[in-house]
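The values are calculated or read from the model by the stated rules, or taken from the named source; none is laboratory data. The structure displayed is predicted, hence computed values, not measured ones. Cβ placement follows ideal geometry from the backbone for every residue including glycine, while neighbour counts extend to all protein chains displayed. Just the protein is used for accessible areas: all its heavy atoms, side chains included, with ligands, DNA and RNA removed. Shrake-Rupley method; radii C 1.70, N 1.55, O 1.52, S 1.80 Å.
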Amino acid sequence: MEYWDLYNKKGKLKHKVIKKGMPMRKGQYHLISEGWIYRSDKKFIIQRRSLEKSSFPGMWYCSAGGSCISGETSKEGMKREFFEELGIDIPIEEIRLKRIVTGKNFIFHIFLVRKDIDLEDLTLQKEEVMDVALATEEEIFQMIDKKIFISLSYYKDFFDKIKNNRQIGR
């Protein structure tokens, strides 16, 4: 059974845990790590979520992501998600926090990894990921327009900063 640490809206640990799937009260938040792998050919590794997923089944999404489990930082959670979903061990110092977005009961920590990884080197966790592909920023926005890629409000600013190389450096 998976447990999540609870945080306040500002991201301060409340020293309380909740079992995954239990309803959260107002003012309770849990961490979600979302990671993008950006290659030197200006393409991102994206994943297609398994049809077995309860949220957004079959939709395309960032490289990897998921809820942080109790006791781990968002960066540790991101490292674990890369390994579980894609079978790759990314050194923690290569995982760079780029944005924090707060939602109803969650705090997204968005990470960027600049690394040339071949799709053939990935081992997909079939319960989570049904496919992977490479896509440019333009292709991702085309997929969003076709409603086959999960659309989140931070994408435009995130991609603009990568394109302009502002705040997304090494």
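Go through (1) farther than 18 Å from S33 by Cα; (2) open to solvent by 70 Å² or more (accessible area, probe 1.4 Å); (3) within 16 Å of the chain's Cα centre (by Cα); (4) not aromatic (F, W, Y) and name the single condition S151 misses.
Condition not satisfied by S151: (1).
How many of the residues making up the range 43-71 are in contact with a Lys or Arg (Cβ under 9 Å, 6 or more places away or on another chain) and under 22 Å from I95 (Cβ atoms)? Don't jump to the end; show me each part of the working.
Going through the range 43-71, the residues in contact with a Lys or Arg (Cβ under 9 Å, 6 or more places away or on another chain) turn out to be 45, 50, 52, 55-61, 66-69.
In the following step, the residues that additionally are under 22 Å from I95 (Cβ atoms) were identified as 45, 60-61, 66-69.
Counting residues in the range 43-71 that are in contact with a Lys or Arg (Cβ under 9 Å, 6 or more places away or on another chain) and under 22 Å from I95 (Cβ atoms) gives 7.
Restricting attention to the range 105-135, which residues are in a loop (DSSP other than H, G, I, E, B) and among the β-branched types (V, I, T)? Lay out the reasoning, then the answer.
Looking only at the range 105-135, we keep the residues that are in a loop (DSSP other than H, G, I, E, B), and these are 105, 115-118, 122-128.
Result: I117, T123.
Can you list the strands (runs of 3 or more DSSP E) found entirely within the range 1-98 that contain at least 2 residues being of a type in the set (V, I, T)?
13-19, 30-38, 44-49
In the range 27-78, which residues are touching a helix residue (DSSP H, G or I) at 6+ places or on another chain (Cβ under 9 Å), of a type in the set (D, E, K, R) and open to solvent by 50 Å² or more (accessible area, probe 1.4 Å)?
Within the range 27-78, K42, K43, K75, E76 meet the criteria.
Quick one: which residue in I117, I100, I140, I110 is open to solvent by less than 70 Å² (accessible area, probe 1.4 Å) and within 30 Å of L13 (Cα to Cα)?
I110
Against the conditions (1) at pLDDT 95 or above; (2) assigned to a strand (DSSP E or B); (3) not charged (D, E, K, R), where does V101 fall short? Just the number, please.
(1)
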